[in-house]
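What follows is a single structure, written as structure tokens, with notes after it.
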Amino acid sequence: MADDTEVATAGLSGRELPSLSNPPVLDGFPTLPLMKRRLGAVFWVSCGWVGLIILSAIFAGALPLHNPLAQTYMPKLGPSLAHPLGTDELGRDLLSRVIYGARVSLEVGFGSIFLGLSVGGSAGLLAGYLRGKIDAIANGMANIILSFPTLLLLLAIVGFWGRQWWKITIIIGVVSTAPLFRVVRASTLSYSTREFVTAARAIGASHWRIMTRELLPNVLPAALSIGLIAVAIAIVAEGTLSFLGLSVPPPTPTWGNIIAEGQSSLARSDFLITLWPSLAMFMTLLALNLAGDRLQRYFDVREGRL
């Protein structure tokens, strides 16, 4: 009886402590215990960059920046002490516009994926655990969303509904529910057959308790790592809409519409207007992808040890 209790307790924890003398094997190579592994400098540098962009966007009003909408109607200026990144064709400070432009991109990127994970992730957890008709219905709805070309769907809905940032956030969030649903559902299907879930059912745990206490902690790391990469994709989608003139209308700065406004200067071999927002977007997307990839690898080790 004592042995059965120990097995059930170990199963409910969702983890098994590896032996240091006989380390677990992943892809043919022995792995170190999770406590001895590190996320690495690349992950923390990436998080630092994303955190810097977020803080700069939030506290832009408290920074010593020019008004991003103030026009001087002077000839375009290059970088100087007064304007570190120069000005655009209307004399507006580029540093201020790039920092303020991050607000819309970050609001849409993080807001839409939060919505997508909340709706699609919850549906994936339910479908992967309960299966049956619920799984069939949820899969059918996901297939319908995935059957539409994403960019054309975004263009159609934005053109019909409106260009406010919160509407774009909802639109991209709804579109992202299907792929995020697939990720969470696949992870839930994998974990729902593990010993700790079987043990929880055997002792009479409710469906709610199994999903929230046993499955969710194991599914959440994979969902978050994919979510970071999805944020990068959502920022690209918003930037594409801005470049096409279908995101937040000017004069509100966004990275996409600043790049679009700088197109005319490219014909004169003047690339600075498009360089700074493109570089800011590139660095942010790179940081999100690196952080998401490293987080996924980090938790893959833990998944392989279960």
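The values are calculated or read from the model by the stated rules, or taken from the named source; none is laboratory data. What you see is a predicted model; the values in this text were computed from it and never measured. Note that each Cβ is placed from the backbone with ideal geometry, even for glycine, and that neighbours are counted across all protein chains shown. Areas reflect the complete protein model, heavy atoms only, side chains present, ligands, DNA and RNA absent. Shrake-Rupley method; radii C 1.70, N 1.55, O 1.52, S 1.80 Å.
How large is ³J(HN,Hα) for each residue in the stretch 260-266, as worked out from phi by the Karplus curve 6.51 cos²θ - 1.76 cosθ + 1.60 (θ = phi - 60°), to whole Hz, x for Gly and Pro?
These are the phi-based 3J(HN,Hα) values: 5, 5, x, 4, 5, 6, 5 Hz.
Which percent of the accessible heavy-atom area of the stretch 140-255 goes to carbon and sulfur, probe 1.4 angstrom?
Carbon-and-sulfur percentage of accessible area, whole number: 73.
7 Å from Cα along Cα→Cβ at both Leu69 and Leu81: what's the point-to-point distance in nm?
3.1 nm
Can you work out the Karplus-derived ³J(HN,Hα) for every residue in the stretch 187-200? Use 6.51 cos²θ - 1.76 cosθ + 1.60 with θ = phi - 60°, whole Hz, and x for glycine or proline.
These are the phi-based 3J(HN,Hα) values: 5, 5, 4, 5, 7, 5, 9, 6, 5, 5, 6, 4, 5, 5 Hz.
Considering only protein heavy atoms, with the full assembly of protein chains and a 1.4 angstrom probe, order His66, His83 by accessible area, largest first.
His66, His83
For Arg103, Arg194, Arg209, give the ranking by accessible area with the largest first, probe 1.4 Å.
From most accessible down to least: Arg209, Arg103, Arg194.
Could you please state, rounded to a whole Å, how far the C-alpha centre of the stretch 127-146 is from the C-alpha centre of the stretch 264-287?
What the calculation gives is 42 Å, centre to centre.
If you take every residue apart from Arg185 with its C-beta less than 11 Å away from the C-beta of Arg185, what net charge results, scoring Lys and Arg +1 and Asp and Glu -1?
That sum, taken over residues with Cβ under 11 Å, equals +1.
Over all distinct alpha-carbon pairs, what is the Kirkwood Rh of the stretch 129-235 in angstrom?
Over the stretch 129-235, the inverse of the mean reciprocal pair distance is 15.8 Å.
Using a 1.4 angstrom probe on the protein heavy atoms only, could you order Lys76, Lys133, Lys167 from most to least accessible area?
Sorted by accessible area, descending: Lys133, Lys76, Lys167.
If you average the sequence gap of Cα pairs under 8 Å that are 6 or more apart and divide by the length of the stretch 188-276, what percent do you get for the contact order?
With pairs under 8 Å counted, the relative contact order is 16 percent.
If ligands, DNA and RNA are left out, what is the accessible area of Val231 with a 1.4 Å probe, given in Å² to the nearest 10?
10 Å²
Starting from the Cα of Leu279, step 7 Å toward the Cβ, then list every residue of the stretch 88-113 with an amide N under 19 Å from that point.
Inside the label zone: 88-89, 92-103.
Modelling each spin label as a point 7 Å along the Cα-to-Cβ direction, I'd like the Gln164/Phe114 distance in nm, to one decimal.
1.7 nm
Per residue, how much accessible area does the stretch 98-217 have with a 1.4 Å probe, in Å²? Please list the in-between numbers first.
On the way: 6000 Å² over 120 residues.
For the stretch 98-217, the solvent-accessible area averages 50 Å² per residue.
Compute, for Glu107, the solvent-accessible surface of its heavy atoms (probe 1.4 Å) with the complete set of protein chains present, and express it in square angstrom to the nearest 10.
Rounded to the nearest 10, that gives 80 Å².
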